[in-house]
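Encoded as structure tokens, the structure appears first; notes follow it.
The values are calculated or read from the model by the stated rules, or taken from the named source; none is laboratory data. Because the structure is a prediction, the values reported are computed rather than measured. Quick reminder, even Gly has a Cβ in these numbers, built from the backbone with ideal geometry, and neighbours come from all protein chains shown. Just so you know, the surface numbers come from the protein's heavy atoms only, side chains and all, with ligands and any DNA or RNA stripped out. Shrake-Rupley method; radii C 1.70, N 1.55, O 1.52, S 1.80 Å.
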Amino acid sequence: MAMDKRSLDDPDESRRPDKTVLDVVSLPGATVGRIALQPGWRWSECIKPVAGTKSCQTPHLGYVIAGRLHLRDDEGGELDLGPGDAYQVAPGHDAWVVGDEVFVALEFDSKTAETYATG
């Protein structure tokens, strides 16, 4: 049986758009990302200039470690995320940090970890 491990504290890649830190590690057949969003972070202000799309077009599959995030999809649906929540979010949304705590989550969808916050 093959086994492998990587530390997100020693990532293969780290992206740092405004108020954002995304650390990425690659494993055979999978990519994992740890995202930290500072208070005051909002997708439409911090990532939209990098992504160049009207709303976030990246699907998300993850788990919240700390902080709170509010999401609104392009149709007006809303969702709040907090510690302990596993989540799946379809493309077509805006999001923002709620409160004064850093939002920290793990992203497991390899497409998200590979492409989020890139042009």
Percent carbon-and-sulfur accessible area, the chain, ignoring ligands, DNA and RNA, probe 1.4 Å: 51
Cα pair distances in the chain, grouped into 10 Å bins until the bin that holds the longest one, percent each: 14, 48, 31, 6, 1
Per-residue [θ]222 nm for the chain (sum of -39500 (n - 2.57) over DSSP H runs n ≥ 4, rounded to 500): -2000 deg cm²/dmol
Distance (nanometres) between label positions extended 7 Å along Cα→Cβ at ARG16 and GLU45: 2.1
Relative contact order computed over the range 50-104 (Cα-Cα under 8 Å; 6+ residues apart), in percent: 45
Karplus-derived 3J(HN,Hα), 6.51/-1.76/1.60, for each residue of the range 11-16, Hz, glycine and proline x: x, 5, 8, 9, 10, 9
